[in-house]
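What follows is a single structure, written as structure tokens, with notes after it.
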Amino acid sequence: MDPADARPGPGTALVRPPGPRLAEGIVTHIARRPVDAALAARQHEAYVAALRASGRRIRAVPPADGHPDAVFVEDTVVVCGDLAVLGRSGEPRRRGETSGTEQAARELGLRVERIKAPGTLDGGDVLCVGDTVYAGRGARTNEEGICQLAHLLGGRRVVPVDTRGCLHLKSAMTALPDGSLIGVPELVDTSVLPFIRVVPEPAGAHVVPLGPDHVLMSASAPRTAAQFAADGLRVTSVDIGEFEALEGCVTCLSVLVP
């Protein structure tokens, strides 16, 4: 890694390369299929290259090779401004992943807090849109975890959103750079949400905003990408098929630090 990529500053992206036990990752809502670890490593490198090409500095989180799902670093922390809230997953097997993320957050100068028992929270259940924070309530994140998050975030409006049939809130919906929600409405309680734009493919529900008119998304959602491009957005598509086999998506593989 270029030493310059490790410097803290605006536009830093936290990432953690896939470990040797990746193929053992937890699968909940989809059928398990074999995972090609070598291909996954190449796909991760291409994903990181896309983040770097957008101007982000890349900060590697220390490995957690004993945890197959550790590559999905988003679940370990929620970053809002200069605050990093370490999660406490509803899946006990994933709770050891946070130590490396805490180290990286402290080295970036972030203020670190944490979700405490009996609260549970995965970062994949937290979607920040302006001053509003949508928090998915499901198998990995409970009411107590959401309440603790709301207390730690202070003045931000936190909206609990019940999820069903999906791993995380961001498995069902994310937001475009202008703040408009996109997703699969049948997977979330839409009664607490503003208008949500329905995407033509499930993988199109997941975008990482890289700029005011730029999004990163999966190559497995070409029709959604074409719609966004027609709307004037710049779309960068990356192949993350080996991670999608483990219920991952483009948001799961990084944490953007302002």
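If you find the alpha carbon centre of region 69-117 and of region 169-232, how far apart are they in angstrom? Using only Cα atoms, the two centres lie 25 Å from each other. Placing unit charges on the Cβ atoms only, positive for Lys and Arg and negative for Asp and Glu, gives region 25-121 a dipole magnitude near 80 debye about its Cα centre.
Per the 1.4 Å probe, what fraction of the accessible area of region 67-145, in percent, lies on carbon and sulfur atoms? Carbon and sulfur atoms account for 44 percent of the accessible area of region 67-145. Protein heavy-atom accessible surface, 1.4 Å probe, per residue over region 186-258: 40 Å². Ranking 173, 139, 89 by how far each Cα lies toward the positive end of the dipole of region 83-195 (charges on Cβ) leaves 89 at the top. Counting only DSSP beta bridges with both residues in region 60-146, the antiparallel share comes to about 70 percent.
Tell me whether region 201-258 comes out rounded, prolate or oblate; compute the Cα gyration tensor, take square roots of the eigenvalues as a ≥ b ≥ c, and use a/c under 1.5 as the rounded threshold. Since a/c reaches 1.5 but b/c is at least a/b, the shape of region 201-258 is classed as oblate. In terms of its alpha-carbon gyration tensor, the chain comes out rounded; the largest-to-smallest axis ratio a/c stays below the 1.5 threshold. For region 106-238, the percent of C-alpha pairs falling in each 5 Å distance bin, counted from 0 to the bin holding the largest distance, reads 2, 11, 19, 21, 18, 15, 9, 5, 1, 0. A simple packing score, the average count of other Cβ atoms within 10 Å per residue, orders the peptides 210-220, 18-28 as 210-220, 18-28, with the highest score first.
Taking the Cα centre of the chain as origin and assigning +1 to Lys and Arg Cβ atoms and -1 to Asp and Glu Cβ atoms, the resulting dipole is close to 320 debye. Descending by average beta-carbon neighbour count within 10 Å, the peptides 40-47, 152-159 line up as 40-47, 152-159, the highest first.
Calculated [222 nm] ellipticity per residue, helices only, for the chain: -6000 deg cm²/dmol; basis is -39500 (n - 2.57) per DSSP H run with n ≥ 4, divided by all residues, nearest 500. Each Lys and Arg contributes +1 and each Asp and Glu -1, all at the Cβ; summed about the Cα centre of region 137-186, the dipole is approximately 80 debye. Rounded if a/c is under 1.5, else prolate if a/b beats b/c, else oblate: with a ≥ b ≥ c from the C-alpha gyration tensor eigenvalues square-rooted, which is region 1-153? Here region 1-153 falls in the oblate category.
The values are calculated or read from the model by the stated rules, or taken from the named source; none is laboratory data. Remember, it's a predicted structure, so these values are computed and weren't measured experimentally. Every residue, glycine among them, receives a Cβ derived from its backbone with ideal geometry; neighbour counts consider all protein chains shown. Areas reflect the complete protein model, heavy atoms only, side chains present, ligands, DNA and RNA absent. Shrake-Rupley method; radii C 1.70, N 1.55, O 1.52, S 1.80 Å.
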